[in-house]
2 protein chains.
Amino acid sequence: MDTNERPIGIFDSGIGGLTVAREIMNHLPGENLVYFGDTARVPYGSKSKETITRFAFEGVNFLMKQAVKMIVIACNTVSATCLDELQQAVPVPVVGVIEPGARAAVNATVNGVVGVIGTERTINSGAYIKAIHRLNSSIKIFSRACPMFVPLVEEGWLDNEAAVFAARTYLGPLKKEGIDTLVLACTHYPLLKPTLRKVMGDQVFLVDSAMETAREVARLLREKSLARTGGGPATYRYFVSDNPAKFKEVGERFLNRSIDPISVIDPETGAGR
Amino acid sequence: MDTNERPIGIFDSGIGGLTVAREIMNHLPGENLVYFGDTARVPYGSKSKETITRFAFEGVNFLMKQAVKMIVIACNTVSATCLDELQQAVPVPVVGVIEPGARAAVNATVNGVVGVIGTERTINSGAYIKAIHRLNSSIKIFSRACPMFVPLVEEGWLDNEAAVFAARTYLGPLKKEGIDTLVLACTHYPLLKPTLRKVMGDQVFLVDSAMETAREVARLLREKSLARTGGGPATYRYFVSDNPAKFKEVGERFLNRSIDPISVIDPETGAGR
């Protein structure tokens, strides 16, 4: 197959990466996509570096077998844990979600005070602090883990009393520090944007790392002359390691379109189940 | 080793089973315990029957290697999914958490209208409805999945605004149905008891399945003459498949005592890591 016709592979520990898939579909409507969500072993956030790395290699190897031309690691935990190793291991470009979000934050901030919110593991990894400081070491960063945000999003509680309470509790201290830019360093968080905006006010710029990652994918496709040129509508295929029914139900809210076809595979062997 | 001296094995997908361990420690202070929490693969609730069964067998096999005299499946998801298979597979008594909770509910209700709350999988399995109806088929049951309760407990948000909002949202419809008994069909939920009590009022009896399971263990030890008779203080050992630091931090809130010693093992092989 002509390389440009090959799909872009998207890997996530579960459902959250669909916000990245959605942005790629919006920005690059001609590109074919293969999504793999490791729903049998989600969430990765509470697992060790060794376990996450092993699972990520299994996911990426599965995508390579689908003859992808590029891989998007649409998962902050994996991007923070082992992106370099993955980039060194496969012969196609591998894009994470951290670098694009960090660059957008550095470009957006005026007062040089930036907030970063994500899962416990992403925040504790310090990956965003490192990525932002590599670009501009004088930026002050205040970060905060928000463990309730993922379950709130998956329950569809995007703007009720519990969501607003959680947002106030987590974001209050960041607001007090005077941040003018807030990085949503978790792929679930874009769905909470209206609530985060309400709590933070209009003066704070929200960096949506799903959207920034889609922009980075577009840039790389141009740079490497990998953009699809053939005609015909783009095809989207979805693979999960467990529970396709729940992935479909919750995922369609993330993606804002129907999820079909969807297949279940064993990530340890890549075989269908 | 004398059979009676052998430890009781407790298996859970993660941390929640520690509420069952705590009740066993309180009711049976002489018994040695070995706890295994499969923290690398938690939560089981969103996984398929096949996956859960495979993981449960690995956990139970690991406990059998620790020469346990009895196994407690301190996990509603596993108890609802494959308790029979586990009981048939091993030569020691295997106790689940569903039967004890169901029996307590049947004994407690006066008006014959019972509520059951748990994870999505436990509720969708219908296991409590079946277990209660086996004991008394005329009892009316209203059940409800409460997906936010586990993350609330793990975040330590036991009685703040978000916890009360979630409890009101989930329990309101059960209250309206006039239940006089509410089964907490998830091992995390006992930590939410004060909030659940506040929302449900003093007239509703809360069945704590962790406590009921400890009573069932005590009964079985007597019936099978398996109670420990030797002197010396009881020993407690903890095994997890990942992230011992988080297990210790969150688990000590569940257990109300220090967690030590703790070891990390690979559930697929039983080997230490």
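Output the residues belonging to segment A:247-273 that are among the charged types (D, E, K, R) and at pLDDT below 90.
Once the filter is applied, which keeps residues that are among the charged types (D, E, K, R) and at pLDDT below 90, segment A:247-273 yields A:GLU268, A:ARG273.
Report yes if some residue within segment B:12-30 is away from chain A (no Cβ under 14 Å), polar (S, T, N, Q) and either crowded, with 18+ Cβ neighbours inside 10 Å or over 29 Å from B:ARG222 (Cβ atoms) (or both); otherwise report no.
Just the residues of segment B:12-30 that are away from chain A (no Cβ under 14 Å), to begin with: B:12, B:17-30.
Subset that is polar (S, T, N, Q): B:19, B:26.
Those still in the list that are either crowded, with 18+ Cβ neighbours inside 10 Å or over 29 Å from B:ARG222 (Cβ atoms) (or both) too: B:19.
Yes - at least one qualifying residue is present in segment B:12-30.
Residue under question is A:GLU50, and the condition is that it be surrounded by fewer than 24 Cβ atoms within 10 Å (Cβ to Cβ) and under 14 Å from the mean Cα position of the chain (by Cα); does it hold? It would help to see each step written out before you state the result.
Working: surrounded by fewer than 24 Cβ atoms within 10 Å (Cβ to Cβ): yes; under 14 Å from the mean Cα position of the chain (by Cα): no.
So A:GLU50 does not fit the description; no.
Can you pull out the residues in segment A:31-56 that are assigned to a loop (DSSP other than H, G, I, E, B) and at pLDDT below 95?
Passing the criteria: A:THR39, A:ALA40, A:ARG41, A:VAL42, A:PRO43, A:TYR44, A:GLY45, A:SER46, A:LYS47, A:SER48.
Report whether or not A:LYS65 is in contact with a helix residue (DSSP H, G or I) (Cβ under 9 Å, 6 or more places away or on another chain), surrounded by fewer than 24 Cβ atoms within 10 Å (Cβ to Cβ) and either in contact (Cβ under 8 Å) with a residue 60 or more places away in the chain or within 12 Å of A:PHE11 (Cα to Cα) (or both). Break it down stepwise before answering.
On the way: in contact with a helix residue (DSSP H, G or I) (Cβ under 9 Å, 6 or more places away or on another chain): no; surrounded by fewer than 24 Cβ atoms within 10 Å (Cβ to Cβ): yes; either in contact (Cβ under 8 Å) with a residue 60 or more places away in the chain or within 12 Å of A:PHE11 (Cα to Cα) (or both): yes.
Answer is no for this residue.
Working carefully through the options A:LEU158, A:LEU182, A:LEU196, A:LEU191, find the one that is assigned to a loop (DSSP other than H, G, I, E, B) and outside the structural domain of A:VAL42 (by TED's automatic domain parsing).
The conditions single out A:LEU158.
Can you tell me how many residues in segment B:102-158 are within 10 Å of another protein chain (Cβ to nearest Cβ), touching a residue at least 60 places away in the same chain (Cβ under 8 Å) and buried (at least 21 other Cβ atoms within 10 Å of the Cβ)?
Number of matching residues: 3.
Specify the residue that is nearest to the chain's Cα centre (by Cα); the eligible residues are those in segment B:220-262 that are within 14 Å of chain A (Cβ to nearest Cβ) and within 23 Å of B:VAL92 (Cβ to Cβ).
Taking the candidates together, the pick is B:VAL240.
Restricting attention to segment A:247-273, which residues are without any contact (Cβ under 8 Å) to a residue 60 or more places away in the chain and either of a type in the set (S, T, N, Q) or under 17 Å from A:PRO151 (Cα atoms) (or both)?
Correct list: A:LYS248, A:GLU249, A:GLU252, A:SER258, A:SER263, A:THR269.
For A:ASN4, are the conditions met, namely being in contact with a Leu (Cβ under 9 Å, 6 or more places away or on another chain), in a helix (DSSP H, G or I) and of a type in the set (S, T, N, Q)?
Yes.
Do you know which of the residues in segment A:233-273 that are outside any loop (DSSP other than H, G, I, E, B) and acidic (Asp, Glu) is surrounded by the fewest Cβ atoms within 10 Å (Cβ to Cβ)?
Top of the filtered list is A:GLU249.
Go through the residues of segment A:159-180 one by one and say whether even a single one is surrounded by fewer than 16 Cβ atoms within 10 Å (Cβ to Cβ), under 21 Å from the mean Cα position of the chain (by Cα) and more than 10 Å from chain B (Cβ to nearest Cβ).
no
The values are calculated or read from the model by the stated rules, or taken from the named source; none is laboratory data. What you see is a predicted model; the values in this text were computed from it and never measured. Don't worry about glycine lacking a Cβ; one is built from the backbone with ideal geometry, like all the others, and counts go over all protein chains shown.
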